[in-house]
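The values are calculated or read from the model by the stated rules, or taken from the named source; none is laboratory data. Fair warning: this is a prediction, and the values are worked out from it, not measured in the lab. We place every Cβ from the backbone using ideal geometry, glycine too, and count neighbours over all the protein chains shown.
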Amino acid sequence: MKKTRPGKSPPSPESSNVRELARRLAGLDAEALDAQLLVTFREARDDGTVPPDAGFFLVSHILLAMADEALAEDPKVRELEHELEVMERDYGLPEEGGWAPGEAPEEWEALCRQHEIACDEARAAFFQAYGEAEMAELFLHDRAAFLRRFESGRRFFHGLPMLPEFVN
């Protein structure tokens, strides 16, 4: 039998399982890790291991991260990003700076809004593609409800409220 320090009990089977899972996850590339996390988070949500909003947070958080990585592949988002770059160049926006509040051209502001809408639509389509139709619906059509559930679930794990500048 393995010797343990006085006062320490041998590792439980559960802690051994967790260590083995951590070892396997450490060997995955980023895409495979995201996929494994999504499966694990859905399982925790669907079998009730965590409260409903906590499960919503876990699944939506990993899907948002995956969707944001895929935004550059969305044709509409790419097209609008190109239009923004052209407009910024045409208006002489310095590469390192930005317009002061209230000084950006109205056309640029309108194009930015279109870009944000396209990004949100791409994220919702990503949710839909991964079988999360309700999440996609909330994200697009009831952002306040989406954010309430996200924040409620986030607080389950992290406690304090999210700072306003981090709420999207």
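Structure notes:
- Residue in region 44-63 that is more than 21 Å from Gly131 (Cα to Cα), of a type in the set (Val, Ile, Thr) and surrounded by fewer than 17 Cβ atoms within 10 Å (Cβ to Cβ) present: no
- Candidate set: region 132-144, residues that are closer than 12 Å to Val59 by Cβ and either at pLDDT below 95 or among the charged types (D, E, K, R) (or both); chosen: the one surrounded by the fewest Cβ atoms within 10 Å (Cβ to Cβ): Glu134
- Considering region 66-78, and only residues there that are surrounded by fewer than 13 Cβ atoms within 10 Å (Cβ to Cβ) and either of a type in the set (Asp, Glu) or at pLDDT 95 or above (or both), the residue that is nearest to the chain's Cα centre (by Cα) turns out to be Glu73.
- Single match in Val86, Val50 (criterion: in a helix (DSSP H, G or I) and at pLDDT 80 or above): Val86
- Of everything in region 121-143 that is outside any helix (DSSP H, G or I) and touching a helix residue (DSSP H, G or I) at 6+ places or on another chain (Cβ under 8 Å), the residue that is farthest from Ala70 (Cα to Cα) is Glu132.
- Against the list (1) surrounded by 15 or more Cβ atoms within 10 Å (Cβ to Cβ); (2) at pLDDT below 90; (3) closer than 29 Å to Leu63 by Cβ, the condition Leu93 fails is (3).
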